[in-house]
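K.L.:
Once you've had a glance at the structure underneath, I'll fire off some questions.
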Amino acid sequence: SVSGKSVAEVPATAVVDVNTATMEQLMTLPGIGEAKAASIIAYREGHGPFSSLEELEQVDGISARMVQSWQDLALAGQ
C-alpha cells in the first residue's frame, strides 16, 4: 500500500506529486514535455520541495494557466 491507501483506492488517473514525480510522471501532465519536466526537476532540486502547485509558476516555461489545468491531476506540499 502507498501512504496507507490500498492500490484499489488509487484513481485510474493517478495524481502526480510534483515533489517526488519522475520525468516520465511529470510528462503525463498537459503541456509538459521532456524539457519542461527537466526544468521542474531542476527547480525542485535547487529550491527544495514545492509548497503549492502555484509555486510551479516560478519554473521557466510554466504558466499560471498550465498550473490551473493541473488542479485535479497534481499536488504539492501534501
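The values are calculated or read from the model by the stated rules, or taken from the named source; none is laboratory data. Here the structure is a predicted model, which means the values were calculated and not measured. Cβ atoms come from the backbone with ideal geometry, glycine included; neighbour counts cover every protein chain shown. Heads up: the accessible areas ignore ligands, DNA and RNA and are worked out on the full protein's heavy atoms, side chains in. Shrake-Rupley method; radii C 1.70, N 1.55, O 1.52, S 1.80 Å.
K.L.:
Given (1) at pLDDT below 95; (2) open to solvent by 100 Å² or more (accessible area, probe 1.4 Å), identify the lone condition not met by Val10.
P.N.:
Going through the list (1) at pLDDT below 95; (2) open to solvent by 100 Å² or more (accessible area, probe 1.4 Å), Val10 breaks only (2).
K.L.:
Looking at (1) part of a loop (DSSP other than H, G, I, E, B); (2) over 8 Å from the mean Cα position of the chain (by Cα); (3) of a type in the set (S, T, N, Q), which one does Gln68 not meet, given that it meets all the others?
P.N.:
(1)
K.L.:
Out of all the residues in the stretch 53-77, which are more than 17 Å from Ala35 (Cβ to Cβ) and surrounded by fewer than 11 Cβ atoms within 10 Å (Cβ to Cβ)?
P.N.:
Scanning the stretch 53-77 gives Ala64, Arg65, Gln71, Asp72.
K.L.:
Does any residue of the stretch 14-23 turn out to be surrounded by fewer than 19 Cβ atoms within 10 Å (Cβ to Cβ), part of a loop (DSSP other than H, G, I, E, B) and either touching a residue at least 60 places away in the same chain (Cβ under 8 Å) or in contact with a Pro (Cβ under 8 Å, 6 or more places away or on another chain) (or both)?
P.N.:
Checking the stretch 14-23: at least one residue is surrounded by fewer than 19 Cβ atoms within 10 Å (Cβ to Cβ), part of a loop (DSSP other than H, G, I, E, B) and either touching a residue at least 60 places away in the same chain (Cβ under 8 Å) or in contact with a Pro (Cβ under 8 Å, 6 or more places away or on another chain) (or both).
K.L.:
Which ones in the stretch 24-41 are open to solvent by less than 60 Å² (accessible area, probe 1.4 Å) and in a helix (DSSP H, G or I)?
P.N.:
Selection gives Leu26, Ala37, Ala38, Ser39, Ile40, Ile41.
K.L.:
Go through the residues of the stretch 44-52 one by one and say whether even a single one is surrounded by 14 or more Cβ atoms within 10 Å (Cβ to Cβ), part of a helix (DSSP H, G or I) and modelled with pLDDT of 95 or more.
P.N.:
Yes.
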